[in-house]
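Accompanying notes for the structure given below.
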Amino acid sequence: MFIREIKRRNKPYEKQFIAHRLVESYRTEKGPRQRVILDLGYLDLPKDQWKLLADTIEAKVSGQQTMLPVDKKIDSLATYYAQKIIKKHLEKQPESKTEEQEKHDFKSVDVNSLQNSQIKTLGAEYVGLKACKRLGLDSLLEELGFTTKQTQVALLSIIGRLVRPGSELKTAEWARHISGIGELLGVDFTHLSHNALYRISDRLLKHKDEIEAYLAKTEKDLFSLPEKIILYDLTNTYFEGTAKHNKKAQRGRSKEKRNDCPLLTLAMVIDEQGFVKTSRILPGNISEPHTLENTLKALDSTYYDSKKEKRETSQTITVVMDAGIATDDNIGLLKSQGYDYIVVSRKKPKLPRSQESMPFTTVKEDHRNKVQAKLYVQDDEAILTCQSKLKARKEQSMRQMFENRLEHDLKLASAALSQKGGVKTYDKVVKRVNRLMEKHKRISQYYHIEVKQQGNFASAITWVKVNQKRAEDRFSGTYYLWTSRTDLSEQEIWSLYTMLTNLEGAFRSLKTESNLRPIFHRKEEHADAHIFIAVLAYHLLNVIQKELKKNNIHMQWQYIRERLSSHERVTTSFMTKDRQRLYIRKTSQADAFHKMIYGALNISHSPLKTKRYES
C-alpha cells in the first residue's frame with residue numbers, strides 16, 4: 001500500500017484543493033494494477049512519513065506486527081484508518097451463510113491472536129426501532145417528503161431520546177461512538193453532526209399535527225382502542241439559562257419547584273390506556289383553565305374523516321380533568337361540545353340534609369388504604385363524595401406541618417418585641433403579621449391573630465385556632481367528583497377518575513425517561529422540538545410497554561433499557577493458519593433476559609446477521 005496525493009481545482013475558482021488516497025498495487029493476468037482502498041481526505045503529515053503510515057495501516061488490517069518504531073500520531077492515524085477499511089469491507093459483504101452452513105465452516109486459527117473491536121450497544125435500539133416500524137413512522141416520514149437520509153436521522157433522534165436521552169450533541173456522540181443504531185438503520189453515522197439533528201428536529205416539529213393525527217389513528221387501529229375516556233392535564237419544564245430569545249419561556253408556577261427559571265408548558269390528552277391523542281406546547285405562565293378550548297379543537301380534529309365531517313355526537317367521550325382546569329366555564333364548554341366529564345373539586349357541594357346522612361360505599365380497600373364514597377344525583381349531574389384514609393393521613397400530616405411553620409414564624413415575631421433592634425413599632429408589626437398570614441395562607445385562615453397596641457408600639461402578639469371544624473373538613477382526605485355520567489355507580493365513577501394517575505405516569509415518564517427537563521435550547525423552535533421529540537419517544541415507549549404488560553412484564557423502562565444494553569454488536573478477528581486476518585462482525589448471544597423481552601415483543605432474538613471479511 002502507498003499514499004497518493006490528488007490535486008483538484010474547480011473550474012470557476014483558482015483555489016487548489018489537495019486530498020490523499022490510500023492505494024494498493026496488485027497483480028493481474030494483464031499486468032500490475034492499482035486500486036483505491038480508502039479516501040483519507042487531507043492528510044496533515046510530512047511526505048516522508050506517508051510510507052510508514054501506509055505500512056502501519058496495512059499491518060493493522062492484516063494483524064501483523066510492525067518492525068519499525070512508530071510514534072503516537074502515526075499509530076493513532078493508522079488505527080483510525082484501519083478500522084474504517086475493516087468496517088468498509090464488512091459493510092460490503094453479503095449477509096453470512098445459513099446457520100446450517102456456518103456449522104461446517106471450519107478454519108484453523110491462532111487463538112492467541114483473537115481481538116474484539118467496534119463493540120456497539122444494540123438491544124434497546126433494536127426494540128425502539130421495531131416499535132417505530134410497527135407504528136409505520138418511517139413510511140409516514142417518507143410520505144411527508146423526508147428523504148431516506150432525513151428519515152434515518154429522524155428515527156435516530158426519536159430512538160435516541162428513548163434509549164439514551166440527551167441533547168443533540170450527546171445524541172450525535174452516542175450514535176457515532178457507542179450505539180449500533182447506524183447498523184440497524186443501514187447508515188454510517190461516523191460523521192454525524194449535532195447540527196443535522198437540530199435540522200431534523202425542526203422538520204419534525206413542522207409536521208407535528210400530521211404526525212400526531214397519524215399516530216393517534218394508527219395506535220387506535222393496532223390496539224383496538226375504545227377511546228371512550230380521555231384524560232387532560234398540563235405539566236411544565238424549566239430552562240437552564242434565561243431563554244431570552246424564546247417568547248414562550250415565561251416564569252410561572254413550576255411543578256418541580258423551579259420558580260427561579262423560565263418555564264414551558266406541555267398540555268397533553270391521553271386515552272384510558274395511556275396513548276397520546278394530542279399535545280400542545282404553551283407559554284410557561286399560561287392559565288391552566290384557559291388551555292382547554294384550543295386543546296379540544298386539536299383533539300376534535302382527530303375525529304374528522306376525509307370529508308371533514310364532524311365527530312358524531314353518538315360517539316360519546318368522557319373527559320377526566322383535575323381541579324385546576326375544571327372551572328364552571330370549562331364544564332359549560334364540555335357540555336356545549338357534546339362531551340361528558342368527570343372532574344374533581346375540593347369545594348364542598350350544598351347537599352340536602354337527607355343526603356348528608358346517607359351511608360358510604362367502599363370502592364377500594366387493601367392493606368394500605370380504604371376509600372369510601374357516596375353518590376348524589378341531581379338533574380343531569382352526579383356528585384360523588386370520596387373519603388380516603390391514606391389521603392387523610394397525608395393531609396393531617398401536612399396540616400401539622402403548616403401549623404408548625406406558621407406558629408414558629410409568629411413566635412419569632414413575638415420574641416422580636418422584647419429584643420434589641422427587633423421590630424416593635426405597631427404599624428410595622430401589623431405589616432409583618434399580615435405578610436406571615438399571606439405566606440402561610442393555606443393554614444392562617446384557621447387562626448385568629450391579634451397584635452396588641454401600647455402607644456405607638458406593639459406590646460404582644462397572640463393567636464388562637466378558630467374554625468376547627470372547617471379545618472378538619474379541609475384536611476380530612478375528602479374530595480368531590482362532579483360528573484355528567486349519571487348512569488354510573490360509585491365504583492365506576494371513582495375508577496374512571498383514578499385513571500388520571502395514567503396521565504401523571506405519562507408526565508413522569510416524559511420527565512425522567514425521555515429527558516423532558518431541563519431545556520438547554522435558546523431558540524423557541526428548538527425548545528418546542530425538544531419537547532415534541534420527547535412526546536414521540538413516549539409513543540414508542542407506550543407501544544413497548546403495552547406489549548410487555550400483555551405478557552405480564554411490568555418492569556420500568558429505565559431498568560429494561562439498561563439490561564438490554566448488554567446485547568451488543570462485536571467485530572472479532574483471528575489470524576488464520578495461512579497468515580490471513582479473518583474478521584467476523586456478529587451480534588452477541590442473547591441472554592435469558594434479552595430473550596424474555598424479545599419474545600414478549602414477538603421479535604427475533606438475533607438482530608442483524610453475521611458478516612465476515614478476510615484480509
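The values are calculated or read from the model by the stated rules, or taken from the named source; none is laboratory data. What you see is a predicted model, and the numbers here were worked out from it, not measured in a lab. As a convention, Cβ positions derive from the backbone with ideal geometry for all residues, glycine included, and neighbour counts pool all protein chains shown. Side chains are part of the model used for accessible areas, which takes the heavy atoms of the whole protein and leaves out ligands, DNA and RNA. Shrake-Rupley method; radii C 1.70, N 1.55, O 1.52, S 1.80 Å.
Take the residues of region 107-148 that are farther than 18 Å from Val570 by Cβ and in a strand (DSSP E or B): which is farthest from the chain's Cα centre (by Cα)?
Going through the qualifying residues, I end up with Asp110.
Assess whether Gly128 counts as being closer than 24 Å to Ile560 by Cα and modelled with pLDDT under 95. Show your work before the answer.
Working: closer than 24 Å to Ile560 by Cα: yes; modelled with pLDDT under 95: no.
So Gly128 fails the test.
When you go through (1) open to solvent by 70 Å² or more (accessible area, probe 1.4 Å); (2) closer than 29 Å to Thr171 by Cα; (3) modelled with pLDDT of 80 or more; (4) not polar (S, T, N, Q) one by one for Leu77, which number turns out not to apply?
(1)
Give me the pairs, please: first residue somewhere in region 415-434 and surrounded by 13 or more Cβ atoms within 10 Å (Cβ to Cβ), second residue anywhere and of a type outside the set (A, V, I, L, M) and assigned to a helix (DSSP H, G or I), beta-carbon distance under 8 Å, and either six or more positions apart or on two chains.
From residues that are surrounded by 13 or more Cβ atoms within 10 Å (Cβ to Cβ), the pairs are Val423/Arg432.
Taking only region 442-461 into account, find how many residues are open to solvent by 70 Å² or more (accessible area, probe 1.4 Å) and in a strand (DSSP E or B). Steps first, please.
First pass over region 442-461, keeping only residues open to solvent by 70 Å² or more (accessible area, probe 1.4 Å): 442, 445, 448, 450, 452-454, 456-457.
From the residues that got through so far, the ones that are in a strand (DSSP E or B) too are 448, 450, 452-454, 457.
Counting residues in region 442-461 that are open to solvent by 70 Å² or more (accessible area, probe 1.4 Å) and in a strand (DSSP E or B) gives 6.
Six or more apart or on different chains, Cβ atoms under 7 Å: show the pairs whose first residue is in region 485-508 and over 16 Å from Thr361 (Cβ atoms) and whose second is assigned to a helix (DSSP H, G or I).
Within 7 Å, the pairs are Arg485/Ile493; Ala506/Tyr538.
Looking at region 168-177, which of its residues are open to solvent by 40 Å² or more (accessible area, probe 1.4 Å) and either within 20 Å of His530 (Cβ to Cβ) or modelled with pLDDT of 95 or more (or both)? Steps first, please.
Of all residues in region 168-177, those open to solvent by 40 Å² or more (accessible area, probe 1.4 Å) come to 169-170, 173, 176-177.
Of everything in region 168-177, those that are open to solvent by 40 Å² or more (accessible area, probe 1.4 Å) and either within 20 Å of His530 (Cβ to Cβ) or modelled with pLDDT of 95 or more (or both) turn out to be Leu169, Lys170, Glu173.
Using the structure shown, decide if Ile286 is aliphatic (A, V, I, L, M), in a loop (DSSP other than H, G, I, E, B) and either at pLDDT 90 or above or over 17 Å from the mean Cα position of the chain (by Cα) (or both).
Working: aliphatic (A, V, I, L, M): yes; in a loop (DSSP other than H, G, I, E, B): yes; either at pLDDT 90 or above or over 17 Å from the mean Cα position of the chain (by Cα) (or both): yes.
Here the answer is yes, as Ile286 does meet what is asked.
When you check His245 against the structure, is it surrounded by fewer than 18 Cβ atoms within 10 Å (Cβ to Cβ) and out of contact with any Lys or Arg (no Cβ under 6 Å at 6 or more places or on another chain), yes or no? Outline the logic, then answer.
On the way: surrounded by fewer than 18 Cβ atoms within 10 Å (Cβ to Cβ): yes; out of contact with any Lys or Arg (no Cβ under 6 Å at 6 or more places or on another chain): no.
No.
If Leu234 meets every condition in (1) modelled with pLDDT of 85 or more; (2) touching a Phe, Trp or Tyr at 6+ places or on another chain (Cβ under 7 Å) apart from one, which number is that one?
Only one criterion is unmet by Leu234, namely (2).
For region 6-54: of the residues being in contact with a Lys or Arg (Cβ under 8 Å, 6 or more places away or on another chain), of a type in the set (D, E, K, R) and in a strand (DSSP E or B), which is least open to solvent (accessible area, probe 1.4 Å)?
In this case the residue turns out to be Glu24.
Name the residues in region 567-603 that are part of a loop (DSSP other than H, G, I, E, B) and either open to solvent by less than 50 Å² (accessible area, probe 1.4 Å) or in contact with a helix residue (DSSP H, G or I) (Cβ under 7 Å, 6 or more places away or on another chain) (or both), would you? If you could, list the steps in order and put the result at the bottom.
Going residue by residue through region 567-603, those that are part of a loop (DSSP other than H, G, I, E, B) are 567, 577-580, 588-591, 601-603.
Of everything in region 567-603, those that are part of a loop (DSSP other than H, G, I, E, B) and either open to solvent by less than 50 Å² (accessible area, probe 1.4 Å) or in contact with a helix residue (DSSP H, G or I) (Cβ under 7 Å, 6 or more places away or on another chain) (or both) turn out to be His567, Ser588, Ala590, Leu601, Ile603.
Would you check which residues across region 417-426 are touching a strand residue (DSSP E or B) at 6+ places or on another chain (Cβ under 9 Å) and part of a helix (DSSP H, G or I) and list them? Quick ask: steps written out before the conclusion?
Narrowing region 417-426 to residues touching a strand residue (DSSP E or B) at 6+ places or on another chain (Cβ under 9 Å): 417, 423-426.
If the condition is that a residue be touching a strand residue (DSSP E or B) at 6+ places or on another chain (Cβ under 9 Å) and part of a helix (DSSP H, G or I), then Leu417, Tyr426 are the ones that fit.
From the list Arg161, Arg176, exactly one residue is free of Cβ contacts under 8 Å to residues at least 60 places away in the same chain and of a type in the set (D, E, K, R). Which is it?
Arg176
Pull up region 117-154, narrow it to residues that are in contact with a Gly (Cβ under 7 Å, 6 or more places away or on another chain) and touching a residue at least 60 places away in the same chain (Cβ under 8 Å), then point me to the one that is surrounded by the fewest Cβ atoms within 10 Å (Cβ to Cβ). Full working, then the answer.
Start the filter on region 117-154 by keeping residues that are in contact with a Gly (Cβ under 7 Å, 6 or more places away or on another chain), which leaves 120-122, 125.
Add one more test, that the residue is touching a residue at least 60 places away in the same chain (Cβ under 8 Å), and what stays is 120-122.
On the way: Lys120: 19, Thr121: 21, Leu122: 26.
So the residue we want is Lys120.
How many residues, within region 438-481, are of a type in the set (A, V, I, L, M, F, W, C), in contact (Cβ under 8 Å) with a residue 24 or more places away in the chain and within 18 Å of Ala413 (Cα to Cα)?
First, pick out the residues of region 438-481 that are of a type in the set (A, V, I, L, M, F, W, C): 443, 449, 451, 457-458, 460-461, 463-464, 466, 471, 475, 481.
Now narrow it down to the ones that are in contact (Cβ under 8 Å) with a residue 24 or more places away in the chain: 443, 449, 451, 457-458, 460-461, 463, 471, 475, 481.
This time we only want the ones that are within 18 Å of Ala413 (Cα to Cα), so: 443, 449, 451, 457-458, 460-461, 463.
Here the count works out to 8.
Would you point out which residue out of Glu381, Glu395 is over 19 Å from Asp473 (Cβ atoms), among the charged types (D, E, K, R) and in contact (Cβ under 8 Å) with a residue 24 or more places away in the chain?
Details: Glu395 fails: over 19 Å from Asp473 (Cβ atoms).
Checking each option against the conditions leaves just Glu381.
To keep it simple, each residue is scored yes or no on (1) farther than 23 Å from Thr512 by Cα; (2) at pLDDT 85 or above; (3) in a strand (DSSP E or B).
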position	(1), (2), (3)
Asp188	yes, yes, no
Leu197	no, yes, no
Ala213	yes, yes, no
Ala243	no, no, no
Asn246	yes, yes, no
Gly252	no, yes, no
Lys255	no, no, no
Asn259	no, no, no
Leu264	no, yes, yes
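For the subset of region 604-615 comprising residues that are of a type outside the set (Gly, Ala, Ser) and not in a strand (DSSP E or B), which member is nearest to Ser62 (Cα to Cα)? Can you show your working first?
We begin by selecting, within region 604-615, every residue of a type outside the set (Gly, Ala, Ser); these are 605, 607-614.
Now drop any that are not not in a strand (DSSP E or B), which leaves 605, 607-610.
Values: His605: 32, Pro607: 28, Leu608: 25, Lys609: 23, Thr610: 20 Å.
This residue is Thr610.
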